[in-house]
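Here the structure is laid out as C-alpha cells; the discussion comes afterwards.
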Amino acid sequence: MSPFVASFMTGCVEVVCGPMFSGKTEELIRRVRRAQIAKQKIQIFKPALDDRYHETKVVSHSSQSVNAVSVECAIDILKKIYDSTRIVAIDEVQFFDEDIIKVVNKLSRRGVRVILAGLDQDYKGEPFGPIPHLMAIADDVTKVKAVCTSCGAPASKTHRKPSENSDQVLVGEADLYEARCTAHWDFQPKDEDLLAFSVGIDSTDQENLKVQN
Ligand code: ADP
Ligand code: MG
C-alpha cells in the first residue's frame, strides 16, 4: 500500500469477546455484513484448528455464516491480505499464536479496521491466549454474554463438562461446553482455597468494630 493512501485512512482494532454461545460470531458476522452493504473490501479469517463446522466458512451456533479463509498461523494472515482490503475480521482469535498481536498492529497502522472475536477466558476462568493483550490495544471492546444453562441469568463463564482432557485447548461444542453465570460455574482453582484464610474479618478488625459500635 502506498504511504499516501495510508496517510489519510485511520485503522482501528475492535474486540468482541465473551464465553461460548454468547454471540461473538453472530456479532462478527453482523459487522461483516454491514461492511459488505457499504461495499468496503473485507477479508475474513479463522484458525485452521477450529474445523467444527466448516473449513471455509465462519459459522455461528444459530447457523449464520460468511465465507472465510482458514490459516495455520497468524503470519499467514499478512501473506494473504490484498492491498485494497479495508477491513479484516478474524474469528476464534484466542487460538492464534502471539504473532497475532504484531499482525493486528501492522494492519491497523496500515489503515485497516480489524474486527476480532474470541473467548476472553478458558473453562478455568483464565485469560485466553493473546486476548488480554488484544483487549488492551483495542480501540473498542465489546463483552457479550450468553444465557446460563442452569438458571437463565446472563452468563460470562464457560463450563467444560467432565472430561479426561484438561488441556486449555479442546475444540468442542455443546457436547463439551455450557455457558454458565458465575454462581453456576463450579470450577474452582486449587489456589483459591488459600484465599479462604485471608478473606473475612480478622480478630483485630472485630475488636475495632466493637469499639466503633
Ligand atoms: P459464540 O461465537 O459466542 O460461541 P454464536 O454467535 O456462534 O456464539 O452463537 C450464538 C447463538 O447461540 C445464540 O443466538 C443462540 O441461538 C445460540 N445459543 C445456544 N445456547 C446458548 C446459550 N446458552 N446462551 C445464548 N445463546 C445460545
Ligand atoms: Mg464463535
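Taken over the stretch 3-144, lysine pairs spaced eight or more positions apart, or on distinct chains, with alpha carbons under 19 Å apart number 18.
With neighbour counts taken as other beta-carbon atoms within 10 Å, the residues Met9, Met20 rank, fewest first, as Met9, Met20. Spacing of the modelled spin labels on Ala153 and Asp186, each 7 Å from Cα toward Cβ, amounts to 1.6 nm. Remark: the Ile75-Lys124 segment gains 14.8 nm on full extension, using 0.36 nm per residue and subtracting the alpha carbon distance.
Calculated FRET efficiency, Ser63 to Arg109, Cβ-Cβ distance, R0 = 30 Å: about 0.25 to the nearest 0.05.
Taking a sphere under 15 Å around the Cβ of Pro127 and counting the other residues whose Cβ falls inside, with K and R at +1 and D and E at -1, yields a net charge of -1. Placing pseudo-labels 7 Å out from each Cα toward the beta carbon at Ala48 and Arg30 gives an inter-label distance of 3.3 nm. In sequence order, the stretch 33-45 has phi-based couplings of 5, 5, 5, 5, 4, 7, 6, 8, 6, 10, 10, 10, 10 Hz under the Karplus curve 6.51 cos²θ - 1.76 cosθ + 1.60, θ = phi - 60°, and Gly or Pro positions carry x. Summing charges over neighbours of Cys73, with a neighbour being any other residue whose Cβ is under 9 Å away from its Cβ, gives -4 when K and R count +1 and D and E count -1.
For Ser150, Ser163, Ser22, Ser156, the sequence from fewest to most other C-beta atoms within 10 Å is Ser163, Ser150, Ser156, Ser22.
What net charge do the residues around Val15 carry, taking every other residue with its C-beta under 11 Å from that of Val15, with Lys and Arg at +1 and Asp and Glu at -1?
-3
If r is the Cβ-Cβ distance from Ala38 to Ala174 and R0 is 25 Å, what FRET efficiency results, to the nearest 0.05? E between Ala38 and Ala174, to the nearest 0.05, is 0.15.
Quick note: the coordinates plus some simple rules give every number you see, no bench work behind them. Note that the coordinates shown come from a computational prediction; the quantities given were computed from them, not determined experimentally. Positions of Cβ are generated from backbone atoms using ideal geometry, with glycine treated the same way; all protein chains shown enter the neighbour counts.
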